There are 2 protein chains.
Amino acid sequence: MTAYDELMAFQRDTEALGQVAGRLGWDQETMMPHGATPQRAEEHAAMANILHARRIAPQVGEWLDKAEAADPVAAANLRHIRRDYERTAKVPARLAAELARTTSLAHRVWAQARADEDVASFLPILKQVVALRIEEAAAVAGNTDPYDALLDDYEPGATGESLGAMFAALRPRLVDLRAAILDRPAPAMLDQAFDDAAQLALSEKLALAFGYSLDTGRIDKAVHPFSSGSGLDVRITTRTNPRDPFNCFYSTIHEVGHAAYEQGIDATHLLTPLGRGVSMGVHESQSRIYENQLGRSRAFTGWLYGQMRDAFGDFGIPDEDAFFGTVNRVSDGFIRTEADEVQYNLHVLLRFDLERALIAGDLAVDDLEAAWNDRFKADFGYAVDKPSNGVLQDVHWSEGLFGYFPTYTLGNVYAGCLHVALRDAVPDLDDQLAKGDTSKATAWLRENVQQYGGLRTPVETIAHATGAAPSEGPLLDYLEAKFAGIYGL
Amino acid sequence: MTAYDELMAFQRDTEALGQVAGRLGWDQETMMPHGATPQRAEEHAAMANILHARRIAPQVGEWLDKAEAADPVAAANLRHIRRDYERTAKVPARLAAELARTTSLAHRVWAQARADEDVASFLPILKQVVALRIEEAAAVAGNTDPYDALLDDYEPGATGESLGAMFAALRPRLVDLRAAILDRPAPAMLDQAFDDAAQLALSEKLALAFGYSLDTGRIDKAVHPFSSGSGLDVRITTRTNPRDPFNCFYSTIHEVGHAAYEQGIDATHLLTPLGRGVSMGVHESQSRIYENQLGRSRAFTGWLYGQMRDAFGDFGIPDEDAFFGTVNRVSDGFIRTEADEVQYNLHVLLRFDLERALIAGDLAVDDLEAAWNDRFKADFGYAVDKPSNGVLQDVHWSEGLFGYFPTYTLGNVYAGCLHVALRDAVPDLDDQLAKGDTSKATAWLRENVQQYGGLRTPVETIAHATGAAPSEGPLLDYLEAKFAGIYGL
């Protein structure tokens, strides 16, 4: 066996163990008995220790020194493994353990603080988390910007500066679009209860309509919908709310987008570093284009309207055009995860600027709440009423996930670019979508994005599919045109 | 840290990883998408490799050399870890790998052979499995009987000779009892369909009645019911058959017996070698006493009769006495897993004698089917009609599990002993059981057997609870008395 073959055999087991660890997380959110929590923490920790030890195993370094890439796939595998090995090896074991311990504690403190609406009780541990992540970034980054070192965990190659420029271009046009929309009369809302079982039945139909394979997947309920797993076992979850069936349907379509990416990767990459979505941003581009550009399009919502009438009878929306408005209704709200296409990115931009300032040392943790509230007021025009609607609303910072938020908006930007290319390639797309048929769209995405997994960098992945470097223009043009139509701007 | 503390910290992680690997098996039987099979095989193998490497890790040997036991719990932990370490270390890596590969292949060949009713196609690979297990036994056993070395995996301390003597005493009385019963008119059978959802609802009620905790457990459906996990996450499965609700109810109670053992172990033993049931035989004693001596008793079936009337209305059995007969009906059949209390052990004794002869070299694999069919005719009085009802019916031998079968009957023998002691300790037991209340019985079993987990050897565990060395007499006396009553012998 060559050094490359030995390395890949070792890596294949590591990937398989990573799948096992990931499924433990799935189980925890869907199946685990409540009383198992303390034991599960030890199981997670034991798996994490195993995976960490394999990531920095000395023989990996030796194989990497000797391995030669015979083709582009091998070169990409080596690039991923080397990057992971070097990054992991740079973080001292003491620091890694302290990060794990502190974020685990911080998560619990945050949950309590949010329940109590008590920001002050969260700040001491958040300071520790920020300090530890800055220390980690310094260990990893060398002379580069510490925030970039953190960002690189979720979106390899992205920098705070480049994202900052992109987001600076997004913000004014989104603020203006939002203000223009909210000046106009709003479409009707749904205003009745929708049977839970019927919601789940239609949500499964939607998952299948978007090409999700139940042969290598399954759908369960969870408090917060998520997608989990790679390769031949990619599971999604959804939820129901009797008053808000769109939450169920569009959560499902969103998670199907993530899952379709994993299910769409070329089978030859199974249990290799190429056999997973290449970055959070590209992942989010798939979930978002499924959910928004396809799922919330006029053509597809026309079909969905008929499906909902079949499932629920008359629910007070007179026709497809009105339903398109209802699905895409823009209204005030504090919560990122409940935001519409227009306002969602404003929530993300706020978090990106604040966390970048935190890591740069330009914003003190003690000043975070005030900074949040000021910025929210500036962009949304009204004041945060309580911390659970403001600085305490998201779990991410308690878990130390600085650098994660911007990938949400980056995914939307990528989805905007892909949508233009998709429309060019499939001119009659709306004819299919109007019949609930997404097969041409999903086939194009599979062919041009999904199948490659981690073969290229994130930016290369999008550029390969669209023929151009990604930029924020297409997303903005799409949003302005769509909502001008709905709101008569 | 002392050597003992270091060893136990390492062992704790190993136990946690063992729980993760076990839950992977649970997932495979209950939740896994069909198409995930090939990937799952790699995940299982990766986990097995990790666990194997930890079992024979050199530092375990060093810690064992230095560790000192400060108390009986520590002494028992060291005994378990030392036994496992020495045993695993004696099997060459080449042999372990070949066993894993060959049994995995043999399992598939067996399934196909059973479907095709083609014994000959299974024999070549079965010969390999037998030869490999004999080789393993020789590596482990040194000068002792190879069969004992295999048996020791499932029932530490048991020997083929001691079990052989016990089983030789069982067989004639069971054969006679069976013959006497089948000479008499049989009780009525159930003869209608029973709603699946109502079966599951009542089966959950039964699980709770027998003290199963859903706070640290859950119930799902599986093709073959099983119990899985230790400590704070102990899951059971059941199944439904519209024509045979007893299959659902008594499978559930049986698995609850296994699960209650795990849930009943003292919490201080969590994720240590003492935190699991001590042997297959003692485990089976718990499942069997829950299922049979308690669950199929006149008193408890009286309560169950009322529950079934409430759930299903009149199902053609006139009263509690008739229902007691129906539950305990003895009838001809080829299949071990479907056998009643009386005939079950005859099925096991047959397998024990044949597999012991195979491992001793006294029976050739080529002669196995004829030996099976002869013995079946001798004990049951009629001929095996096809291999799937005979030598191909069980999965065990294809997986190399020689030494496993006798623990089923050993469990019944232990249950017989425990039942006598339980009746002595709780003279008014039937008053509770008649109300569907098993709390005194399960509390006694928890107090006298379950809480100790692996603290004592299997035989010591039973002797501690009953005050005497286990023997087959109580089981035979119980069966003869019970069925004399039902059948008027």
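The values are calculated or read from the model by the stated rules, or taken from the named source; none is laboratory data. In this text the structure is predicted, and so the values were computed from the model without any measurement. In this analysis, Cβ positions are derived from the backbone assuming ideal geometry, glycine residues included, and neighbour counts consider all displayed protein chains. When the accessible area is computed, the model is the full protein with side chains, heavy atoms only, and any ligands, DNA or RNA have been set aside. Shrake-Rupley method; radii C 1.70, N 1.55, O 1.52, S 1.80 Å.
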| request: Quick one: grab the alpha carbon gyration tensor of region A:30-72, order the square roots of its eigenvalues as a ≥ b ≥ c, and give me rounded if a/c is under 1.5, else prolate or oblate depending on whether a/b is larger than b/c. | output: oblate
| Rounded to a whole number, what % of the accessible area of region B:236-306 do carbon and sulfur atoms account for, probe 1.4 Å? | 50
| request: Out of all DSSP beta bridges with both ends in the protein assembly as shown, state the antiparallel percent to the nearest 5. | output: 40
| request: Starting at the first residue of region B:126-131, write each ³J(HN,Hα) from the Karplus equation 6.51 cos²θ - 1.76 cosθ + 1.60 with θ = phi - 60°, in whole Hz, x for Gly and Pro. | output: 5, 4, 4, 4, 4, 4
| field | Taking the convex hull of Cα positions in region A:226-380, its mean projected area over all directions (nm²) | value | 12.0
| request: Calculate, for B:Asn143 and B:Leu95, the FRET efficiency according to 1/(1 + (r/R0)^6) with r their C-beta to C-beta distance and R0 22 Å; round to the nearest 0.05. | output: 0.70
| Among the aspartates and glutamates, which fall within straight-line cross-link reach of B:Lys386, defined as a Cα-Cα distance under 18 Å, with same-chain neighbours fewer than 8 residues apart omitted? | B:Asp116, B:Glu117, B:Asp118, B:Asp332, B:Glu338, B:Asp366, B:Asp367, B:Glu369, B:Asp374, B:Asp394
| Per-residue HN-Hα couplings for region B:388-400 [Karplus 6.51, -1.76, 1.60; θ = phi - 60°; Hz; x = Gly/Pro] | 5, 9, x, 5, 9, 6, 9, 7, 4, 5, 4, 8, x
| query | How much length is gained if the chain between B:Thr268 and B:Ala481 is pulled fully straight, taking 0.36 nm per residue apart and subtracting their Cα-Cα distance, in nm to one decimal? | reply | 72.6 nm
| Measuring with a 1.4 Å probe in the full set of protein chains, what accessible area per residue, in whole Å², belongs to region B:29-108? | 53
| query | Amide H to amide H under 5 Å from A:Val395: which residues, 5+ apart in sequence or cross-chain, H placed 1.01 Å off N in plane? | reply | none
| field | Relative counts (whole %) of C-alpha pair distances in region B:328-450, using bins that are 5 Å wide | value | 2, 9, 16, 18, 15, 12, 8, 9, 8, 3, 1
| query | What is the Cα convex hull volume of the protein assembly as shown when expressed per residue in Å³? | reply | 192
| field | Net charge, A:Arg114 excluded, C-beta distance under 15 Å - Lys, Arg +1, Asp, Glu -1 | value | -4
| remark: Here the net charge surrounding B:Asp233, from other residues whose Cβ is less than 15 Å away from its Cβ (Lys, Arg +1; Asp, Glu -1), is -4
| note | On protein heavy atoms with a 1.4 Å probe, the accessible surface that disappears when B meets A, both sides summed and given to 100 Å², is 2900
| task | May I have the extent of the alpha carbons of region B:1-153 along their three principal axes, as whole Å values ordered from largest to smallest? | result | 58, 43, 25
| task | Just read off the accessible area of B:Phe10 with the full protein assembly in place, 1.4 Å probe, to the nearest 10 Å². | result | 40
| request: Report relative contact order for region B:313-412 in percent, whole number only (criteria: Cα-Cα under 8 Å, sequence separation at least 6). | output: 28
| request: Show A:Asp314, A:Asp215 ordered by accessible area, largest first, where the area counts protein heavy atoms only and the probe is 1.4 Å. | output: A:Asp314, A:Asp215
| remark: Mean shadow area (nm²) of the C-alpha convex hull around chain A is 22.6
| Taking every residue in B:43-54, how many Cβ atoms of other protein chains lie within 10 Å of its Cβ, on average? | 4
| note | Taking only Cα atoms of region A:127-207, the Rg to Rh ratio with Kirkwood Rh works out at 1.25
| Using the Cβ atoms and a cut-off under 14 Å, what net charge is assigned to the surroundings of B:Leu95, where Lys and Arg are +1 and Asp and Glu are -1? | +2
| message | Rounded to the nearest percent, how much of the accessible area of region A:335-466 (1.4 Å probe, protein heavy atoms only) is carbon and sulfur? | response | 46
| message | So if each residue of separation counts as 0.36 nm, and I subtract the Cα-Cα distance between A:Ala468 and A:Ala53, what length gain in nm does that give? | response | 145.4 nm
| query | What are the residues whose amide H is under 5 Å from the amide H of A:Asp220, where those residues sit 5 or more places off or on another chain and H is modelled from the backbone? | reply | A:Ile236, A:Thr237, A:Thr238
| remark: Percent relative contact order for region B:356-437, counting Cα pairs under 8 Å at least six residues apart, stands at 15
| Do you know the relative contact order of region B:1-146, to the nearest whole percent, from alpha carbon pairs under 8 angstrom that are 6+ apart? | 24
| region B:424-489 - Rg and Dmax from Cα coordinates, angstrom | 14.5, 43
| said: Going 7 Å from the Cα of B:Glu161 along its beta-carbon direction, which residues of region B:450-473 have the amide nitrogen within less than 12 Å of the resulting point? | reply: none
| note | Diffing region B:279-290: the Karplus 3J(HN,Hα) column from phi (6.51, -1.76, 1.60, θ = phi - 60°), in whole Hz with x for Gly and Pro, holds 7, 5, x, 5, 4, 5, 4, 6, 4, 6, 5, 5
| remark: Carbon plus sulfur, as percent of the 1.4 Å-probe accessible area of region A:134-214, comes to 54
